[in-house]
Structure formats: C-alpha cells, structure tokens
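As structure tokens, the structure follows; a few thoughts come after it.
Bear in mind that the values in this text are calculations on the coordinates, not laboratory data. All figures in this text were calculated on a predicted structure; none of them were measured in a lab. Don't worry about glycine lacking a Cβ; one is built from the backbone with ideal geometry, like all the others, and counts go over all protein chains shown.
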Amino acid sequence: MKNSFRTGIVAVSALLVAALWTTLLQPEPDLAGDNRANTVTTPPVVAPSSTLSPDVILRPSDEPVTISTRESPEQSIVASEITRLRIPSTGINVGSSGETWPRQSNRCQASKECIDPPNLNEIAWYGAYALPQLPSPSSVILYGHSNRFSAVEQAFNQLPDTKVGDKVIIETQTGVFTYRVHTNTLVGYDIIAESEQVYWPVPDQLVLITCNYQADAATVVIAHLESASSA
C-alpha cells in the first residue's frame, strides 16, 4: 500500500513538472540569414517567460553551469543601447540597429513572425533579454544576418569563423564589455527553439546567433563576460 501511494505521488509530480516545462518552452519565431544568393531567411527562436528562472524551475541536470570570469564583480555600469560589436579575430566590426522583437517578414522560415534584424549589415538585440550592464541580470542575445553568397555584406558573415578563446567586444553608450568565446556550435532549426543552452537567462553571458550558409542550422556562439569598463 505504501509503495503504491509513493508511486502515485511520483507519477503526479512528474506530470506537473512536464506540463510546466512544456508551457515555458513554447517555440516562437526565427532569426537571421540563409545560404541562397540574395535571399535571407530566419531560424526559429523561443520567447522567454518571466517565470523562467532558476529560482522557480530547477535547471536540467545536463545544463552547463556558467561561471563569470570578469574581474570586478562590485563594479556598476547601467544598461544602455549597444553602439558597436567587434570580434577582432574575424574582422567583424558592426553597428547595431537597436532592439528587435518577433515580427512579420518574408524572411521567416516556418512561421509568419520571426526575429528578423531590420538591417543586413547591423546586429539587433532581442529585447526580451538584458542589455550589457553590471551587475548582469541575464543573458545578452544578439542576432545578425549572414549570407556569403549575397553581394551585400552582412553583419555575421564571419561568425562561423569564430574560435573558442576569441574576444568579443561590445560598446554601449555607458561602457565597454569584453567577452571570451566559450563555444561555437551548430544548432538545428528543429531543436533551437527548445534549447536551454541558447535561451536560458544566464548572467554575464553573451549569445550570438545567425543562420549558417553551409548547413541547415544556426551558428550559435556563446561567450562569457571577462571585463568591463565605464565609457
């Protein structure tokens, strides 16, 4: 009898957790770039829930724990608009078009709405996440188009060339933030919308996303904050 009761409790708990997790990870639109000449499409993206935080829901056991490497945890820099992003090792040096949200676009791959940066040669910041600041409350997620087959130079054409250890420098109106690349991976369009690695809000983390022109997947670069200074 005790075993049956215990089994019932475990089963109900599992159902509740599964239902809540499914609700929080509903997929949303897409993002940037394509591998066809003069054509840009966007891969899927998930919209974060305000309740999606480690305080409310336990992280999956296989989710990597991110530890910041920045040197001055007590420093304070207020959030402000991103003005420039540079990755010296790849030659990426682009401006920012500002905040972006899912919108209707003929570049969307699988839905009527997607995250589609308005300018091909500039990055865009996903407004559902944080801007660079200290202390950092969440991830910074930036999108950019890429298409080396197009005559138009696009913001993240060289993002796939980024290597682990490369520096990513973000300039804002109030500070300069230096990140160090931790991973550069391909994430399939069919699974990216449910990727905690990409969309879980992690303080001091930067996520750069673009379409990969050589694979049916998104290039996802994750970097950790190394240092920051006031402008």
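Below is a table of values for the structure above.
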item: Karplus-derived HN-Hα couplings along segment 212-221 (A = 6.51, B = -1.76, C = 1.60, θ = phi - 60°), whole Hz, x at Gly and Pro; result: 9, 6, 10, 8, 7, 6, 9, 7, 10, 10
item: Burial ordering of ARG180, ARG148, fewest other beta-carbon atoms within 10 Å first; result: ARG148, ARG180
item: Calculated from backbone phi, Karplus (6.51, -1.76, 1.60) coupling profile of segment 178-185 in Hz, x at Gly/Pro; result: 10, 10, 10, 5, 9, 8, 9, 10
item: Burial ordering of ILE169, ILE192, fewest other beta-carbon atoms within 10 Å first; result: ILE169, ILE192
item: Ratio of the Cα radius of gyration of segment 151-231 to 2.2 N^0.38 Å, where N counts its residues; result: 1.16
item: Per-residue Cβ neighbour rank within 10 angstrom, fewest leading, LEU159, LEU142, LEU186, LEU131; result: LEU186, LEU131, LEU159, LEU142
item: Label-to-label distance, nm, for residues given as ASN119 and ASN93 (7 Å Cα→Cβ offset); result: 1.6
item: SER230 paired with THR83, simple spin-label distance in nm, labels 7 Å along Cα-to-beta-carbon; result: 1.6
item: Modelled FRET efficiency - R0 41 Å, ASN106 with GLN75, Cβ distances, 0.05 increments; result: 0.40
item: Extension gain, THR185 back to ALA151 (0.36 nm per residue minus Cα-Cα distance, nm); result: 9.7 nm
